[in-house]
Every structure is written in structure tokens, then in C-alpha cells.
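Student: Sending over a structure as C-alpha cells; questions will come in a sec.
The values are calculated or read from the model by the stated rules, or taken from the named source; none is laboratory data. Here the structure is a predicted model, which means the values were calculated and not measured. Ligands, DNA and RNA are stripped out before the accessible areas are found, and what is left, the full protein with its side chains, is counted by its heavy atoms. Shrake-Rupley method; radii C 1.70, N 1.55, O 1.52, S 1.80 Å.
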Amino acid sequence: MEVKVGVQQAPRELVIESKQSGEEVAAAVSDALANGGVLTLVDERGRRLVVPVEKLAYVEIGEPEVRRVGFGAI
């Protein structure tokens, strides 16, 4: 699952590939927003992404996009 996290005052978004389902990521975001504190996500390699909820701009949850090669019609 691809997760993009926008952070206030940061020029680029954070992008991770997570083994968690979209529902699990959404629940983690909701819990972090409700309880304050930090949003913690784990990527496929076991690395942790920790962002204070007051700095969150947005969280985009979606499947990774398949990259297309060439100029042919779809």
C-alpha cells in the first residue's frame, strides 16, 4: 500500500510503501488525530515514520501506480 504524508512547512511529501492495509492506515491516522501525539507508520522494510499530528497537512492512501512505458495507446 502506498501512503503519502504531507507535512506542513515541508516542500516535499513523505512516501512509503507499507504492508498495512488501507483500512489499517486510515485507523492509525484517525487514532493519532483523535488522541493527539504522533502518527506512526511502518514501511515494508520495517522502518518507522513518525510525524507529530499537529504538523500533518494530509495523508493520501492508495495502491501503488503501475508505471507505463512507451508512447502507445492504453
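Student: Could you work out the relative contact order of the chain? I mean the mean sequence separation of Cα pairs under 8 Å and 6+ apart, divided by the number of residues, in percent. Could the numbers behind the result be given before it?
Tutor: Values: 105 pairs, mean separation 27.0, N = 74.
Reported relative contact order: 37 percent.
Student: Remind me, relative contact order of the stretch 12-55 in percent, using alpha carbon pairs under 8 angstrom and six or more residues apart? Don't jump to the answer; show the numbers that get you there.
Tutor: Details: 43 pairs, mean separation 14.7, N = 44.
Answer for the stretch 12-55 is 33 percent.
Student: Still on this structure, please answer the following. With 17 Å as the cut-off, how large is the P(r) tail for the chain, expressed as percent of Cα-Cα pairs? Display every interim value, and only then the final one.
Tutor: Working: 1245 of 2701 pairs.
Of all Cα-Cα pairs in the chain, 46 percent lie more than 17 Å apart.
Student: Roll a 1.4 Å probe over the protein chains and send me the accessible area per residue for the stretch 7-71 in Å². The partial results should precede the final answer.
Tutor: Values: 5140 Å² over 65 residues.
I get 79 Å² per residue for the stretch 7-71.
Student: Determine the share of the stretch 15-56's accessible area contributed by carbon and sulfur atoms, expressed in whole percent, with a 1.4 angstrom probe.
Tutor: Numbers: 1310 of 2670 Å².
Carbon plus sulfur share of accessible area: 49 percent.
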